[in-house]
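Structure in structure tokens, see below.
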Amino acid sequence: MVAGMVAGAVAAAVLATGGGGADGWADALGDGDLSSSVAVAAVADQYWMRAEARFAPPTAFIPSPAVTYEQELVPAASWISVEQRVDGRGTTVTARVRGLKPGHAYGVHVHQNPCGASPEAAGGHYQHLQDPVQPSKDPAYANPDNEVWLDFTAGADGSGAASAHHLWGFRPGGAGSVVLHREPGGAGDRVACFTVPFGSAPGMPMEQPTA
Ligand SMILES: [Cu+2]
């Protein structure tokens with residue numbers, strides 16, 4: 001009981017840090033720093049995770065979990081963070097970026113697999129109700145209610161952000177990355193990918209998919 005209370009206090013402290021926004025983390029990194037980081041807090045029925053990295057091409061000498069396949073739209077050393085919150089009200093995923101092409105509209109989704117040297121390595125979109133036909137093109141499955149879409153348009157300074165909330169949580173191991181596409185919507189060329197350790201709350205009553 002005491003241990004549980006201590007764990008709760010620690011998680012609350014971490015959550016408060018996460019709630020402070022991207023600035024503290026980004027400032028700690030420094031502009032020229034290519035390192036990446038992941039923070040995770042899990043207690044009872046809550047789970048929180050935040051990962052950030054700077055994009056690098058797949059051929060980079062120092063590999064990054066964030067890979068750019070097209071530097072005109074996602075320059076090397078541009079920055080991304082992805083945050084996941086899971087609690088009794090569901091799952092919220094938030095993506096933030098800096099250093100992208102000003103004014104460009106990107107399509108962004110949670111995909112099934114980690115990134116690789118090839119843009120196709122990330123596999124298809126994570127789907128709550130899985131389309132038996134993959135790759136999925138059926139709008140009954142390929143839509144922002146059944147998938148996690150984080151489309152955004154970069155501002156004049158190249159920064160952007162998007163958030164999505166769902167009442168369901170990810171299946172363990174089912175979600176592996178966030179992929180940036182050339183255009184908004186459900187498809188289009190993949191221009192960058194960020195490998196993200198999405199998780200689940202251990203005690204969360206998972207809504208079971210029903211077809
Ligand atoms: Cu996608």
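Let me see the pair-distance distribution of the range 56-211: every alpha carbon pair, 5 Å bin width, integer percents in order.
Reading the bins upward from 0: 2, 10, 19, 23, 20, 14, 8, 3, 1, 0.
Can you compute the modelled spin-label distance between E183 and D45, with each label point 7 Å from Cα toward Cβ, in nm?
4.3 nm
No value in this document is a laboratory result; all are computed from the given coordinates. Note that the structure is predicted; figures quoted are calculated from it, not measured. For neighbour counting, all protein chains shown are included, and Cβ atoms are generated from backbone atoms with ideal geometry for every residue, glycine included.
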